[in-house]
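A.B. asks: Following this message is one structure expressed as structure tokens.
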Amino acid sequence: QVRLVESGGGLVQTGGSLRLSCAASGSIFSISAMGWYRQAPGKQRELVARIIRGDGTDYGDSVKGRFTISRDNDKNTVYLQMNTLKPEDTAVYYCKVEMGEDIIWGQGTQVTVSS
């Protein structure tokens, strides 16, 4: 069984920065991708950023140029550096790990950006 531990969420003012971390542990094998998704109240869950094996990355349009995803393969940890935060970035951020056909979600961490 795989466990994901997310950290780094919180309250920040507009223009501020936060760094999210997601560490995977347990029965880990061949992680093909790790990423972050978010869900705001009344909205669907959406891609924030995803990093695939080989370090290819994919970003949601609304965060391009402001957020950066990175990964420490030795620690099975993915990071999301969020800069120039806006009130519309307020959401619960979920870590997602893909291992072949298996998909594991984290419990979510709240990010709130005050105006």
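The values are calculated or read from the model by the stated rules, or taken from the named source; none is laboratory data. Being a predicted model, the structure only gives us computed values, none of them experimental. FYI the Cβ positions are ideal-geometry reconstructions off the backbone, even for glycines, and counts take in every protein chain you see. Heads up: the accessible areas ignore ligands, DNA and RNA and are worked out on the full protein's heavy atoms, side chains in. Shrake-Rupley method; radii C 1.70, N 1.55, O 1.52, S 1.80 Å.
A.B. asks: Would you please name the residue that is nearest to SER32 (Cα to Cα), looking only at residues in the stretch 60-115 that are under 14 Å from the mean Cα position of the chain (by Cα) and of a type in the set (Asp, Glu)?
C.D. replies: In this case the residue turns out to be GLU98.
A.B. asks: Consider SER32 against the criteria (1) over 16 Å from the mean Cα position of the chain (by Cα); (2) modelled with pLDDT under 95: it satisfies all of them except one. Which criterion is unmet?
C.D. replies: That leaves (1) as the condition not met.
A.B. asks: Which strands (runs of 3 or more DSSP E) does the stretch 46-115 wholly contain that include 3 or more residues that are closer than 14 Å to CYS22 by Cα?
C.D. replies: 46-52, 67-72, 77-82, 91-99
A.B. asks: Kindly evaluate ASN73 against the criterion of being open to solvent by 40 Å² or more (accessible area, probe 1.4 Å) and either over 22 Å from LEU11 (Cβ atoms) or touching a Gly at 6+ places or on another chain (Cβ under 7 Å) (or both). If you could, list the steps in order and put the result at the bottom.
C.D. replies: Values: open to solvent by 40 Å² or more (accessible area, probe 1.4 Å): yes; either over 22 Å from LEU11 (Cβ atoms) or touching a Gly at 6+ places or on another chain (Cβ under 7 Å) (or both): yes.
When the stated conditions are applied, ASN73 passes them.
A.B. asks: With the checklist (1) in contact with an Asp or Glu (Cβ under 9 Å, 6 or more places away or on another chain); (2) part of a strand (DSSP E or B) in hand, flag the one item ARG19 doesn't pass.
C.D. replies: Among (1) in contact with an Asp or Glu (Cβ under 9 Å, 6 or more places away or on another chain); (2) part of a strand (DSSP E or B), ARG19 violates only (1).
A.B. asks: I would also like to ask the following. Can you name the residue in the stretch 83-115 that is aromatic (Phe, Trp, Tyr) and touching a Gly at 6+ places or on another chain (Cβ under 8 Å) and, of all such residues, is surrounded by the most Cβ atoms within 10 Å (Cβ to Cβ)?
C.D. replies: TYR93
A.B. asks: Among what's in the stretch 38-59 and is open to solvent by less than 30 Å² (accessible area, probe 1.4 Å), touching a residue at least 40 places away in the same chain (Cβ under 8 Å) and not β-branched (Val, Ile, Thr), pick the residue that is nearest to LYS75 (Cα to Cα).
C.D. replies: Checking each candidate, the answer is ARG38.
A.B. asks: Go through the stretch 17-37 residue by residue and tally those that are open to solvent by less than 20 Å² (accessible area, probe 1.4 Å) and within 15 Å of GLN110 (Cα to Cα). If you could, list the steps in order and put the result at the bottom.
C.D. replies: In the first step, residues of the stretch 17-37 are kept if they are open to solvent by less than 20 Å² (accessible area, probe 1.4 Å); the result is 20, 22, 24, 31, 33-36.
With within 15 Å of GLN110 (Cα to Cα) added as a condition, the list becomes 20, 22, 36.
Total meeting the criteria: 3.
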